1. Going by the structure shown, is residue 156 modelled with pLDDT under 90, of a type outside the set (Val, Ile, Thr) and exposed (fewer than 10 other Cβ atoms within 10 Å of the Cβ)?
2. Given (1) surrounded by 10 or more Cβ atoms within 10 Å (Cβ to Cβ); (2) more than 60 Å from the chain's Cα centre (by Cα), identify the lone condition not met by residue 113.
3. Take residue 42 and tell me if it is modelled with pLDDT of 90 or more, surrounded by 10 or more Cβ atoms within 10 Å (Cβ to Cβ) and among the aliphatic types (A, V, I, L, M).
4. Pick from segment 159-186 the residues that are surrounded by 10 or more Cβ atoms within 10 Å (Cβ to Cβ), among the charged types (D, E, K, R) and at pLDDT 80 or above: which of them is nearest to the chain's Cα centre (by Cα)?
5. Scan segment 156-177 and report the pairs whose first residue is part of a loop (DSSP other than H, G, I, E, B) and whose second residue is surrounded by 11 or more Cβ atoms within 10 Å (Cβ to Cβ), with Cβ atoms within less than 9 Å and a gap of 6+ or a chain change.
6. Can you find a residue that is free of Cβ contacts under 8 Å to residues at least 12 places away in the same chain and within 31 Å of the chain's Cα centre (by Cα) anywhere in segment 136-149?
7. Do we have any residue at all in segment 80-96 that's among the aromatic types (Phe, Trp, Tyr), surrounded by 10 or more Cβ atoms within 10 Å (Cβ to Cβ), part of a helix (DSSP H, G or I) and without any contact (Cβ under 8 Å) to a residue 40 or more places away in the chain?
Amino acid sequence: MRNLFALILSLGVASPALAASGPFFSLGNTDFVVLIAFLVFVGVLFYFGVPKMIGGALDDRAAGIKTELDEARALREEAQTLLASYERKQKEVQEQAERIVAHAREDASNAAEQAKEDLKASIARRLAAAEDQIASAQSAAVKEVRDQAILIAVAAAKDVIAKQMTAAKGASLIDDAIVQVENKLH
């Protein structure tokens, strides 16, 4: 190994005047020297396991990237699940709000109809009560007029009968009434 290192140092000390002169397989040819230096460099890299270290580092890096991608994919799926859940909840809340509004409108409409019906019933009851009062008042007025008419008629009849009635006529009317009662009783 030391000999190889010494050879590389001696090649590095070579002057540019010696460059590319002579046969290809001689130390005086710079192309050959560069080829040997490159081969030695590659050999040193393989000796110390640099390709395995680079491969391992690249594998570790690839595994890390894969892990990050898997985490990102899982986070994305979780975010999509949460988004779908929130959208579903928002839709449910919207539907529930629409149902509540529709129910409230229906209740308000029913309450308005019920109030109209109650008002109509109340008006009908009041009209019926007023009609009953009017009929009662009319009936009372008619009865009062009849009573007054009867009283006036009785008084007038009394006056007429008193003026036209004589004692003989009164006795004959009493006799006729007794005969009629006897006929009806027998």
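The values are calculated or read from the model by the stated rules, or taken from the named source; none is laboratory data. Predicted, not measured: the structure shown is a model, and the values here were computed from it. Because the Cβ atoms are built from the backbone with ideal geometry, glycine has one as well, and the counts that use them run over all protein chains shown.
1. Judged against the criteria, residue 156 is not a match.
2. (2)
3. Judged against the criteria, residue 42 is a match.
4. 176
5. Between residues of segment 156-177 that are part of a loop (DSSP other than H, G, I, E, B) and residues that are surrounded by 11 or more Cβ atoms within 10 Å (Cβ to Cβ), the close pairs are 165/173.
6. no
7. Yes, segment 80-96 contains at least one residue that is among the aromatic types (Phe, Trp, Tyr), surrounded by 10 or more Cβ atoms within 10 Å (Cβ to Cβ), part of a helix (DSSP H, G or I) and without any contact (Cβ under 8 Å) to a residue 40 or more places away in the chain.
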